[in-house]
1. Evaluate the stretch 149-165: report whether one residue or more is of a type in the set (Gly, Ala, Ser), part of a loop (DSSP other than H, G, I, E, B) and modelled with pLDDT under 85.
2. Name every residue in the stretch 79-90 that is surrounded by 15 or more Cβ atoms within 10 Å (Cβ to Cβ) and modelled with pLDDT of 90 or more, in order of residue number.
3. Taking the options Thr82, Thr136, Thr144, name whichever one is touching a Ser or Thr at 6+ places or on another chain (Cβ under 6 Å) and of a type in the set (S, T, N, Q).
4. Which is at pLDDT 80 or above, within 30 Å of Tyr142 (Cα to Cα) and open to solvent by 90 Å² or more (accessible area, probe 1.4 Å), of Glu19, Glu76, Glu63, Glu46?
5. Within the stretch 49-60, can you find the residues that are in contact with a helix residue (DSSP H, G or I) (Cβ under 7 Å, 6 or more places away or on another chain) and open to solvent by 40 Å² or more (accessible area, probe 1.4 Å)?
6. Here is a check on your reading of the model: is Asp31 open to solvent by 40 Å² or more (accessible area, probe 1.4 Å) and either among the hydroxyl-bearing types (Ser, Thr, Tyr) or touching a strand residue (DSSP E or B) at 6+ places or on another chain (Cβ under 8 Å) (or both)?
7. Scan the stretch 98-125 for residues that are surrounded by 10 or more Cβ atoms within 10 Å (Cβ to Cβ) and closer than 23 Å to Asp51 by Cβ and jot them down.
8. Out of the residues in the stretch 52-79 meeting the condition of being among the basic types (Lys, Arg) and closer than 15 Å to Ser112 by Cα, tell me which one is farthest from the chain's Cα centre (by Cα).
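The values are calculated or read from the model by the stated rules, or taken from the named source; none is laboratory data. It should be emphasised that the depicted structure is a prediction, and the values quoted were computed from it without experimental measurement. When we count neighbours, we look across all protein chains shown, and the Cβ atoms used for this are built from the backbone with ideal geometry, even at glycine. For accessibility, only protein heavy atoms count, side chains too; no ligands or nucleic acids. Shrake-Rupley method; radii C 1.70, N 1.55, O 1.52, S 1.80 Å.
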Amino acid sequence: MRKRMGLDLIHARLSIKDESAPEFFTLDEFDTCPGFIERHQHLMSEIIDMDSIFAICVFAEEEHRQEYENSWGKEENKVIITGNVDDMGEEICEIERIYGLESMHKFIRDGSFFSYKKSSAVRIPCHMIEYGNSYTKEPVLYWTEIGYSAKASSTSEGYTASSISQ
């Protein structure tokens, strides 16, 4: 019988914001280390985060729209329509006008929702058009990965091995 237990560690270095540093820490991750934040002020950047989102959900089939509404109900910050999104330009523009949405601040993506019937989950595909209603600036610290360590112990009838790779 062979058992393996281990610990994987990623070593990170704070970095200025650039393409090689796509990951970031938010400052609340360092609440217990205020001195750390003070020492790294020069690396601090800001991201713009959406506080609230208004969405237009476009379902290709009426039965999918109904299934979504039955599972999730109607939401104040969401309009649900049915049709082919490529043919709905005028309808989407009208929804933008009615709700005062800025078309230049929209994010379009394919999405899906899950409906739970009896003991199974059914994936419901949809097209999401999302609009940021309010934004905040959040300070962050970007980081890059400088190494990876995997420490594992394997046992097989009394034999133990440990390895670290970087």
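1. The answer is yes, given that some residue of the stretch 149-165 is of a type in the set (Gly, Ala, Ser), part of a loop (DSSP other than H, G, I, E, B) and modelled with pLDDT under 85.
2. Val79, Ile80, Ile81, Thr82, Gly83, Met88
3. Sole residue among the options that is touching a Ser or Thr at 6+ places or on another chain (Cβ under 6 Å) and of a type in the set (S, T, N, Q): Thr144.
4. Glu46
5. The answer is none; no residue qualifies.
6. no
7. Those that are surrounded by 10 or more Cβ atoms within 10 Å (Cβ to Cβ) and closer than 23 Å to Asp51 by Cβ: Tyr99, Leu101, Glu102, Ser103, His105, Lys106, Phe107, Ile108, Gly111, Phe113.
8. Arg65
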